[in-house]
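Read-outs throughout are calculated quantities, based only on the coordinates presented, and are distinct from any laboratory measurement. Here the structure is a predicted model, which is why all the values come from computation and not from measurement. Using ideal geometry, Cβ is built from the backbone for each residue, glycine included, and neighbour counts are taken over all protein chains shown.
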Amino acid sequence: MKDSDLDKKEFDLIVIGTGVAATTAAYKCKSAGWSVAIIDSRPFGGTCALRGCDPKKVLVGAADIVESVTRMKSYGISNENKCDSERDPLIKIKWKELMNFKRTFTEPVPKNREESFHKAGITTFHGIAKFTAPNSIKIIENNNHNEDNNNNNILHNQNKFYNKIEDNHGYEGVGDREKVIEGKFILISTGSTPIPLKIQGKEHLMTSDQFLDLDNLPSKIVFVGGGYISFEFAHIAARAGSRVTILHRSEKPLGNFDSDLVNVLLQKSQDIGIDIKLNAPVNKIEKVTENSEGFLIYFSNNDKEGKNDTIKADLVVHGAGRVPNLSNLNLDVGNIKYDSRKGVSVNEYLQSISNSSVYSAGDVSDTQGLPLTPVASYEAEIVASNLLQGNHLKPNYKGIPSVVFTIPPLSSVGMLEEEAKEKGLIYKVTHQNSSNWYSSKRINEKFSAFKILIEESSQGSGGGESNNTENSKILGAHILGHNSEEVINIFALAIRLGLSKEKIKDMLFSYPTNSYDVNYML
């Protein structure tokens, strides 16, 4: 990139963020001949590639290997190591080696991403972006992009596990340089951040970003909140040998997933040693300082009539959800309406409802789309097309699958049963424990189930049978089991394209596979 590009003050498009949404839109507009600038206060690459989906799945893969071997103990898999119990693994995770392997995926990303931007002719800025006017962005340049990984690598205290570091990615530092640039259009794609918690001692919480860069895994871990982050990381940590507890404030964890299947996942989680306490809101986190190390977590215990209880842990992880990352953008100055919990308020074309020069894509946007990487990329494609050709494309959020990458994974697409009832739809439910099916028994998986909602066009009540099969569309599909994250895509395709169950069953699936089980689910 030429020095003259850095001196440039006006651009056709300014993109805030460097994740999948930001990158998609930036490349598409640049390829159309637009001048594009892109800004990030953290290493280039975004959450998914650096601090989310991709590194997490590397760890899940290792945990899955341990789980697979453990399940098959006494069924043909063994070694000469003595095991103390049925759940004691025949193989074990070497955490440091696993983290080094994970870093082979994450460490090259920032440099490669920035070089790719430069090659495309996109001007890059490292710094904090703040609106100073509806079309003006002040960039507070900093050096955090060179230090982010190093900061995460020092996550340890006296017991080498944990030292809370302040997140300085959204705040101005002494000596930071400032630059103001103008954009004909501006795209906000800053992703999400952990939701602020009103807990005394919240400064002792570790974020999911930091957990994914731990050099050492402690023996006792508490996850605050019963969302997908807590369950995914708990399943990883448990397979790596840690004693894990999840504290969830209400009766039902994983609220966006089918409750019947969540209950089966809870049984699986408990079977591998995860202690799950429901109706157990956390009140305080206290660092232990006298003759000991770690933390005391105070919570209301429903099993003890709501009385306060405590649990000690080496590490306390925030897994209570995320919100749009908006707090440092000065959106009010940019005349941009937003909701701190929902995101930037946009119209059907993903354009700000209050500032026509601004668009938004990904987790930071207030849309019907789920906070998922494919949705962010999809929205960015729509934004880029609307920028280049005028507003003409609207997102279609029908049939987008979502997965909790536990072991086994819990996958979902379409409506929950409660939604179908609320809408007054006539539908049929196929719901079954599938642990006795061949696809589960051959790997000794004792916890698997599914629930499929099929719309019926004839008169009747919800859940009733129908004689009309030509219009038997899939309303929702929910699967817990091995490879469910792949099988769910079949149902997602059916919902998005409006295929009936008969059309799906016309397909000749390969056998024996988990996909072939779709025939039995319908």
Would you mind checking Lys8/Lys179; Lys277/Lys441; Lys111/Lys179 for any pair whose Cα atoms are more than 18 angstrom apart?
-> Lys277/Lys441; Lys111/Lys179
Treating only Lys and Arg (+1) and Asp and Glu (-1) as charged, each at its beta carbon, one finds that segment 328-445 has a dipole about its Cα centre, in Debye to the nearest 20, of 380
Within segment 202-318, the percent of DSSP beta bridges that are antiparallel, given to the nearest 5, stands at 50
Once normalised by the length of the chain, the mean sequence separation of its alpha carbon contacts under 8 Å that are 6 or more apart gives a contact order in percent of 14
Taking only DSSP H segments of four or more residues, each worth -39500 (n - 2.57), what value at 222 nm results for the chain once the sum is divided by all its residues, to the nearest 500 deg cm²/dmol?
-> -8500 deg cm²/dmol
For the peptides 492-499, 359-366, what is the packing order when you average, over each peptide's residues, the other Cβ atoms within 10 Å and list the highest mean first?
-> 359-366, 492-499
Quick one: which residues, 5 or more positions from Val323 or on another chain, have an amide H under 5 Å from its amide H? H modelled 1.01 Å from N in the peptide plane, none for Pro or chain starts.
-> Thr193, Ile195
Across Lys252/Lys398; Lys56/Lys428; Lys96/Lys268; Lys268/Lys307; Lys342/Lys428, pairs whose alpha-carbon gap is larger than 30 Å = Lys56/Lys428; Lys342/Lys428
Segment 334-363: trypsin sites (Lys or Arg not before Pro) falling in loop per DSSP and having at most 11 other Cβ within 10 Å | Arg341
Is segment 202-318 rounded, prolate or oblate when judged by the Cα gyration tensor, a ≥ b ≥ c being the square roots of its eigenvalues, rounded requiring a/c under 1.5 and prolate requiring a/b larger than b/c?
-> oblate
Output ordering of 233-246, 15-28 (per-residue mean of other Cβ within 10 Å, highest first) is 15-28, 233-246
DSSP-defined antiparallel bridges as percent of all bridges, the chain, nearest 5 = 60
Hey, of (1) 1.00; (2) 1.15; (3) 0.98, which did the structure itself give for Rg/Rh (Cα atoms, Kirkwood Rh) when calculated?
-> (3)
Among Ala129, Ile199, Asn263, the residue whose Cα sits farthest towards the positive end of the charge dipole of the chain, when +1 is placed on the Cβ of each Lys and Arg and -1 on the Cβ of each Asp and Glu, is Asn263
